[in-house]
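Asks: Take a look at the following structure, please.
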Amino acid sequence: MDFRFTPEQDAFRQEILGFIRQELPANIRGGDFPYSDKNFDATMAFRKKLGQKKWIGIGWPKEYGGLGATHMQQAIFHEEMVYANAPLDPQAYQVGPAIIAYGSDFLKKKFLAATASQELIWCQGFSEPNAGSDLANLQTSAVADGDDFIINGQKIWTSLGHKATWIHVLVRTDPKAQKHKGISYFVVDMQSPGVTIRPLVNMADLHEFNEVFFTNVRVPRQNMIGELNAGWYVAMTTLENERSGARDLGNCRRMLDEVLRIYQSTKGHPGIRHDAVARHRLAEMAIELAVTRQLANRISWMHEHKAPMTREPSIVKMFGTDLQQRITQLGMQVQGLYGQARHGSPRAFEDGIVSHEYLHAVSTPISAGSNEVQRNIIATRGLGLPRG
Ligand SMILES: Cc1cc2nc3c(=O)[nH]c(=O)nc-3n(C[C@H](O)[C@H](O)[C@H](O)COP(=O)(O)OP(=O)(O)OC[C@H]3O[C@@H](n4cnc5c(N)ncnc54)[C@H](O)[C@@H]3O)c2cc1C
């Protein structure tokens with residue numbers, strides 16, 4: 001295994017860094033939420049520029065409007081973009097490959113170029129109140145009606161559903177079949193009659209999540225990705241693209257730099273912890289960041305060399321997202337009571353960025369498959385232990 005980047009890969013990283021310096025608004029780079037009403041237009045303008053560089057479909061084949069980038073290039077792209085807090089289109093890296101692998105010509109023509117250029121905005125409608133880790137338990141139904149299906153049910157935790165124009169959604173089309181085998185996968189226009197949205201504001205005070213309700217929503221059969229009742233297997237393609245060590249690496253790097261900035265800029269400040277224990281903990285975090293880097297690079301290398309993977313994506317997901325919590329917890333300890341000061345407070349250090357990240361990091365071990373589920377995967381697929 002050789003983890004050195006090639007000169008071409010180093011040059012690609014420099015191109016990305018130059019693009020970020022030039023195109024990403026400074027306030028978003030500084031940690032401002034890209035999807036607030038205030039920032040939304042600038043965020044979409046940035047995403048459209050990513051589209052012009054063919055970086056929305058960075059890993060898609062060129063014939064579908066992608067860049068056809070290698071796995072290493074994709075990892076470099078994601079690490080640097082996430083480090084800079086750049087707003088990407090996470091759905092393009094998920095539903096795009098599913099349409100490429102299983103979609104009809106109609107779906108490919110209608111959605112791939114429009115996604116790559118960011119004319120449409122996707123959200124993901126998988127989770128339900130009783131279907132998260134046990135996703136195959138989903139109950140939202142779709143019943144055939146001529147050339148259409150009629151959808152009824154509820155989705156939850158739909159990130160950016162209130163900004164999206166289309167949703168890719170898993171529904172039950174055969175309630176009598178075994179639970180994995182009665183599921184189909186559709187794309188639905190969010191403007192369809194019968195789609196309603198209710199906001200869920202998270203503990204960091206951000207409106208990212210939503211509940212999405214479907215009441216007799218009519219969707220044409222041609223909007224189905226893959227075969228009837230075979231949606232589960234298509235969705236696995238979607239989810240495989242959700243776990244990226246490179247994104248966790250970018251987040252950990254950014255968070256540790258933020259804590260270090262506060263530590264250094266507050267030297268001598270009363271109430272701020274500058275003792276040996278804090279210094280040692282920061283050193284430990286630096287070591288754990290180096291471990292995350294190795295784990296993430298290993299995933300890209302294995303992808304690149306088509307090496308079979310079992311536990312590796314789960315290991316980096318678990319380690320990287322838990323590390324985000326450890327870093328931000330340390331950031332709060334270093335700040336002492338000042339850690340309670342939030343964005344906009346004159347007492348906040350770096351405009352409360354670490355306090356914000358601390359609250360936000362609570363959710364990362366849950367998203368993209370909870371870390372307990374990752375531990376199960378490592379135990380069964382990695383260590384060969386029995387299930388349950
Ligand atoms: C930031 C974020 C963004 C998200 N965005 C989206 C989105 O856009 N679209 C979407 O559809 N969903 C989204 N989700 C939802 C996400 O997929 C679910 O939260 C996740 O799958 C967990 O499901 P749950 O919340 O129902 O928890 P549950 O599955 O109910 O789990 C509750 C607890 O039990 C544990 N647990 C469950 N099963 C087991 C088991 N077998 N062994 C051991 N422990 C177990 C879990 O680890 C967890 O701690 C998002 C979630 C987050 C946090």
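Throughout, read-outs are computed from the coordinates displayed, never taken from laboratory work. Keep in mind that this is a model prediction, so the values were computed, not measured. Note that each Cβ is placed from the backbone with ideal geometry, even for glycine, and that neighbours are counted across all protein chains shown.
Asks: At R0 = 35 Å, how high is the FRET efficiency between Leu200 and Arg375 if r is their beta carbon distance? Nearest 0.05 is fine.
Replies: Plugging the Cβ-Cβ distance into 1/(1 + (r/R0)^6) gives 0.85.
Asks: Taking Lys38 as the anchor, which lysines have their alpha carbon closer than 20 Å to its alpha carbon, excluding any fewer than eight residues away along the same chain?
Replies: Once the sequence-local lysines are set aside, what remains near Lys38 is Lys48, Lys49, Lys163.
Asks: For the pair Leu17/Arg347, report the inter-label distance in nm, with labels modelled 7 Å from Cα in the Cβ direction.
Replies: Reported label-point gap for Leu17 and Arg347 is 3.8 nm.
Asks: Over the residues of the chain, compute the C-alpha Rg and express it relative to 2.2 N^0.38 Å.
Replies: Numbers: Rg = 21.5 Å, N = 388, 2.2 N^0.38 = 21.2 Å.
Compactness ratio reported: 1.02.
Asks: Same structure again: Could you tell me how many cubic angstrom of Cα convex hull volume segment 243-382 has per residue? Don't skip to the end; give the middle numbers.
Replies: On the way: hull volume 14.3 nm³, N = 140.
Each residue corresponds to 102 Å³ of Cα convex hull volume.
Asks: Please give the length that would be gained between Ser104 and Asp257 if that part of the chain were fully extended, namely 0.36 nm times their separation in residues minus their C-alpha to C-alpha distance (nm, one decimal).
Replies: Extra length from Ser104 to Asp257 when fully extended: 50.6 nm.
Asks: Which longest run of the chain has no exposed loop site in it, a site being GluC sites (Glu not before Pro) in a DSSP loop with at most 15 other beta carbons within 10 Å, and the site itself not part of the run?
Replies: My reading of the result: 228-388 is the longest stretch.
Asks: Right, another one. Which order results if Met332, Met318 are arranged by neighbouring Cβ count within 10 Å, fewest first?
Replies: By the 10 Å Cβ count, ascending, the order reads Met332, Met318.
Asks: Hey, in the GNM for the chain with a 10 angstrom Cα cutoff, which one of Arg218, Arg281, Arg326 fluctuates hardest?
Replies: Between Arg218, Arg281, Arg326, it is Arg281 that shows the largest mean-square fluctuation.
Asks: Moving on to the next point. What is the extension gain from Phe5 to Asn216, computed as 0.36 nm multiplied by their sequence separation minus the C-alpha to C-alpha distance, in nm to one decimal?
Replies: 70.7 nm
Asks: Let me ask another. How much length would be gained if the chain were fully extended between Asn130 and Lys267, taking 0.36 nm per residue of separation minus their Cα-Cα distance, in nm to one decimal?
Replies: 44.4 nm
Asks: Working from Cα positions, state the angle (0 to 90°, nearest 10) between the long axis of helix 71-83 and the longest principal axis of the chain.
Replies: 60 degrees
Asks: What are the semi-axes of the equivalent ellipsoid of segment 7-88, taken as the square roots of 5 times the eigenvalues of the Cα gyration tensor, listed largest first and rounded to whole Å?
Replies: 22, 15, 9
Asks: Moving on. Would you kindly calculate the translational diffusion coefficient of segment 107-251, applying Stokes-Einstein with the Kirkwood radius from alpha carbon pairs, for 20 °C and a viscosity of 1.002 mPa s, and quote it in µm² s⁻¹ without decimals?
Replies: Once the numbers are plugged in, D ends up at 136 µm²/s.
Asks: Here's something else I'd like to know. Among Lys53/Lys181; Lys108/Lys181; Lys110/Lys317; Lys155/Lys306; Lys110/Lys179, which pairs are too far apart, with a Cα-Cα distance over 28 Å?
Replies: On the way: Lys53/Lys181 39 Å; Lys108/Lys181 24 Å; Lys110/Lys317 33 Å; Lys155/Lys306 35 Å; Lys110/Lys179 30 Å.
Pairs exceeding the cut-off: Lys53/Lys181; Lys110/Lys317; Lys155/Lys306; Lys110/Lys179.
Asks: Next question, about the same structure. Could you check the spin-label model distance between Lys306 and Gln178? Points 7 Å from the Cα along Cα→Cβ, value in nm.
Replies: A separation of 2.9 nm, rounded to one decimal place.
Asks: To the nearest 500 deg cm²/dmol, what mean residue ellipticity at 222 nm is calculated for the chain from DSSP H runs of n ≥ 4 alone, each contributing -39,500 (n - 2.57), summed and divided by the residues?
Replies: -13000 deg cm²/dmol
Asks: For an R0 of 41 angstrom, estimate the FRET efficiency from the Cβ-Cβ distance between Phe40 and His274 and round to the nearest 0.05.
Replies: Approximately 0.55, to the nearest 0.05.
Asks: Assuming R0 = 45 Å, what is the FRET efficiency of Asn27 and Tyr233, from their Cβ-Cβ distance, to the nearest 0.05?
Replies: The formula returns an efficiency of 0.60 here.
Asks: Could you check the simple spin-label distance between Gln329 and Val291, using points 7 Å along Cα→Cβ, in nm with one decimal?
Replies: 1.4 nm
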